[in-house]
Amino acid sequence: MSGSGLRAQGSGPAVQSVLNLLSVSCFQPPAPSPQPSAGFTLLELLVVLAVLSMVAAIVLPRLPVPEAKALQRSAKGVAALLRTIDNEATTSKTTYRLTFDLGLEQLRVKELRGGEEVAPTDAHLVRPVLAEGIALEDVRLPRLGTVSSGQVQLDIGPGGLNEFLTIHLAAPAGAKYTVMAFPQTGKVKVSEGYLEQAL
């Protein structure tokens with residue numbers, strides 16, 4: 001053997017070309033394989049995003065909410081509850097009793113059936129609407145005036161709310177929100193501060 005190709009003595013040109021082909025294809029080092037890319041695949045990115053989303057869904061609701069946001073959210077929750085009760089009462093021809101427990105800082109909704117209070121079937125009516133630390137400062141109705149302690153019960157029947165209602169919420173630092181519900185219209189207004197008159 002001499003040079004880069006193989007030689008067979010006494011062989012013809014056909015054998016020589018086969019041997020040259022073999023020497024080129026069999027004895028050359030393999031070409032270097034392409035390097036793997038340094039980036040991430042789409043699947044890897046999607047898995048990371050899914051894991052981060054799950055972590056955020058678990059952790060974010062447990063983070064402390066600033067007091068002002070908790071007060072605003074509570075006021076909007078009370079307004080949404082009043083709208084829902086009014087809507088349910090008028091469409092289903094049912095009477096609901098809303099109890100404001102000013103000492104325990106709770107709002108409770110019960111459905112009246114045959115004079116008995118029963119739990120409402122609508123899940124929106126039983127969930128808590130007041131954030132922790134938010135107080136029911138007072139409730140004002142024309143027939144009772146301003147009530148700041150004890151319990152106030154308000155029945156909302158098929159005709160909807162039948163008297164003007166004002167609810168004042170307070171945060172521990174002193175910030176206040178006012179929720180006003182207007183009779184027979186289903187309209188509920190949320191305002192920052194302690195308001196005594198409808199705007």
Would you please list the contacts, defined by Cβ atoms under 9 Å and residues six or more apart or on different chains, that run from a residue in segment 146-163 that is β-branched (Val, Ile, Thr) to a residue that is open to solvent by 30 Å² or more (accessible area, probe 1.4 Å) and in a strand (DSSP E or B)?
146/140; 147/140; 156/95; 156/97
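Test residue 94 against the stated conditions and say whether it is open to solvent by less than 40 Å² (accessible area, probe 1.4 Å), within 19 Å of residue 76 (Cα to Cα) and among the hydroxyl-bearing types (Ser, Thr, Tyr). Don't jump to the end; show me each part of the working.
On the way: open to solvent by less than 40 Å² (accessible area, probe 1.4 Å): yes; within 19 Å of residue 76 (Cα to Cα): no; among the hydroxyl-bearing types (Ser, Thr, Tyr): yes.
Criteria not met by residue 94.
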Yes or no: residue 96 closer than 26 Å to residue 69 by Cα, more than 26 Å from the chain's Cα centre (by Cα) and in contact (Cβ under 8 Å) with a residue 24 or more places away in the chain?
no
Has segment 100-122 got at least one residue that is touching a residue at least 60 places away in the same chain (Cβ under 8 Å), part of a strand (DSSP E or B), in contact with a helix residue (DSSP H, G or I) (Cβ under 8 Å, 6 or more places away or on another chain) and buried (at least 18 other Cβ atoms within 10 Å of the Cβ)?
no
Pull up segment 123-159, narrow it to residues that are open to solvent by 50 Å² or more (accessible area, probe 1.4 Å) and among the β-branched types (Val, Ile, Thr), then point me to the one that is farthest from residue 195 (Cα to Cα).
126
Listed residues 166, 185, 178; which is among the hydroxyl-bearing types (Ser, Thr, Tyr), closer than 22 Å to residue 87 by Cα and outside any strand (DSSP E or B)?
185
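The values are calculated or read from the model by the stated rules, or taken from the named source; none is laboratory data. This is a predicted model, so every value here is computed, not measured. Using ideal geometry, Cβ is built from the backbone for each residue, glycine included, and neighbour counts are taken over all protein chains shown. What goes into the accessible areas is simple: the full protein's heavy atoms, side chains included, and nothing from ligands, DNA or RNA. Shrake-Rupley method; radii C 1.70, N 1.55, O 1.52, S 1.80 Å.
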